[in-house]
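Taking it in order: structure first as structure tokens, then the write-up.
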């Protein structure tokens, strides 16, 4: 019973704040809604029993990416955003595309109906660490190279031009 | 809760994000909508891992890689946005036509 209450509250938070991200006119409001939505997704991860992913979502998304986007909104936003039209004129075809997507997405759960969790969630940190430093060590190192390259690229793009 | 609930939630979240990608005029809004898409995929990874393969962790490993790549993507994307904004003084994508030959 408590599981249902938690799930539906998290789902309401996620969907309402996602609608806020997409539909609110002010980019600042959208960025704040994005932080709320990412925190709701972190709650879903916690309710699914994956503790490390929950912590990573909070650390990277809510306190990293959302704050970074807020900085850029403060730098690149303007007061006229609130009164400018934020939806382009192709919203009707986009709505039809999204209707097709939601129709097909909501047919997928029928194939997996009635599957419940067989066991209680267990801590996963030790197993994840073993996998990352064992079988998946090569992808782990590759992803660190990707992070290094993206950091270098970001510094290169964002630096002031030498006069 | 069953697997179907989580799949439906992630489908709805993906569709909202897709609508944002297709219709926002602001480049920062488009980047935020892409984050919604990635999060919908992450919910699916973790839900399939929990319900269909309990005791294994490959789905959660994939989520770690997706989160890392999303961080890299948003950092490079925002740096590009700031570089373009310094030149054009606009955050709206229809003004971004400086690649025209």
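The values are calculated or read from the model by the stated rules, or taken from the named source; none is laboratory data. Just so we're clear, the structure is a prediction, and the values are computed from it rather than from any experiment. So basically every Cβ, Gly included, is an ideal-geometry build from the backbone, and we count neighbours across all protein chains shown.
Any residue at all in the stretch B:32-45 that is within 7 Å of chain A (Cβ to nearest Cβ), assigned to a helix (DSSP H, G or I) and touching a residue at least 40 places away in the same chain (Cβ under 8 Å)? No; the residues of the stretch B:32-45 include none that is within 7 Å of chain A (Cβ to nearest Cβ), assigned to a helix (DSSP H, G or I) and touching a residue at least 40 places away in the same chain (Cβ under 8 Å). For residue B:6, are the conditions met, namely being at the interface with another protein chain (Cβ under 7 Å from one of its Cβ atoms) and either assigned to a helix (DSSP H, G or I) or at positive phi (or both)? Spelling it out, it is not the case that residue B:6 is at the interface with another protein chain (Cβ under 7 Å from one of its Cβ atoms) and either assigned to a helix (DSSP H, G or I) or at positive phi (or both). Of A:116, A:124, all but one fail to be touching a strand residue (DSSP E or B) at 6+ places or on another chain (Cβ under 9 Å) and facing chain B (nearest Cβ under 8 Å); the exception is A:116. Taking the conditions (1) under 14 Å from the mean Cα position of the chain (by Cα); (2) crowded, with 17+ Cβ neighbours inside 10 Å in turn, residue B:69 satisfies each one other than (2).
Take residue A:82 and tell me if it is touching a residue at least 40 places away in the same chain (Cβ under 8 Å) and either at the interface with another protein chain (Cβ under 8 Å from one of its Cβ atoms) or loosely packed, with under 15 Cβ neighbours inside 10 Å (or both). Against the criterion (touching a residue at least 40 places away in the same chain (Cβ under 8 Å) and either at the interface with another protein chain (Cβ under 8 Å from one of its Cβ atoms) or loosely packed, with under 15 Cβ neighbours inside 10 Å (or both)), residue A:82 qualifies.
Put simply, of A:66, A:131, A:99, A:110 the only residue that is assigned by TED's automatic domain parsing to the domain that holds residue A:33, part of a helix (DSSP H, G or I) and over 28 Å from residue A:35 (Cα atoms) is A:110. At the interface with chain B (Cβ under 7 Å from one of its Cβ atoms) and touching a helix residue (DSSP H, G or I) at 6+ places or on another chain (Cβ under 6 Å), is that true of residue A:38? Yes: the conditions hold for residue A:38. Scanning the stretch A:96-122 for residues that are more than 17 Å from residue B:3 (Cα to Cα) and over 23 Å from the mean Cα position of the chain (by Cα) yields a total of 2.
Residue-wise test of (1) in contact with a strand residue (DSSP E or B) (Cβ under 8 Å, 6 or more places away or on another chain); (2) surrounded by 14 or more Cβ atoms within 10 Å (Cβ to Cβ); (3) more than 26 Å from residue B:82 (Cβ to Cβ); (4) in contact (Cβ under 8 Å) with a residue 60 or more places away in the chain.
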{"residue": "A:28", "(1), (2), (3), (4)": "no, yes, no, no"}
{"residue": "A:37", "(1), (2), (3), (4)": "no, yes, no, no"}
{"residue": "A:40", "(1), (2), (3), (4)": "no, yes, yes, no"}
{"residue": "A:43", "(1), (2), (3), (4)": "no, yes, yes, no"}
{"residue": "A:51", "(1), (2), (3), (4)": "no, yes, yes, yes"}
{"residue": "A:62", "(1), (2), (3), (4)": "no, yes, no, no"}
{"residue": "A:70", "(1), (2), (3), (4)": "no, yes, no, no"}
{"residue": "A:76", "(1), (2), (3), (4)": "no, yes, no, no"}
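Annotation: residue B:76 fulfils all but one of (1) out of contact with any helix residue (DSSP H, G or I) (no Cβ under 7 Å at 6 or more places or on another chain); (2) buried (at least 16 other Cβ atoms within 10 Å of the Cβ); (3) over 27 Å from residue A:111 (Cβ atoms); the unmet one is (1). Answer with yes or no whether residue B:1 is facing chain A (nearest Cβ under 7 Å) and within 24 Å of residue A:3 (Cβ to Cβ). So residue B:1 passes the test.
Which one is farthest from residue A:61 (Cα to Cα), of the residues in the stretch B:77-96 that are touching a residue at least 40 places away in the same chain (Cβ under 8 Å) and at the interface with chain A (Cβ under 7 Å from one of its Cβ atoms)? For the stretch B:77-96, the residue satisfying everything is B:91. When B:63, B:74 are checked against the criterion of being within 7 Å of another protein chain (Cβ to nearest Cβ), at pLDDT 90 or above and within 22 Å of residue A:116 (Cα to Cα), B:63 stands alone in meeting it.
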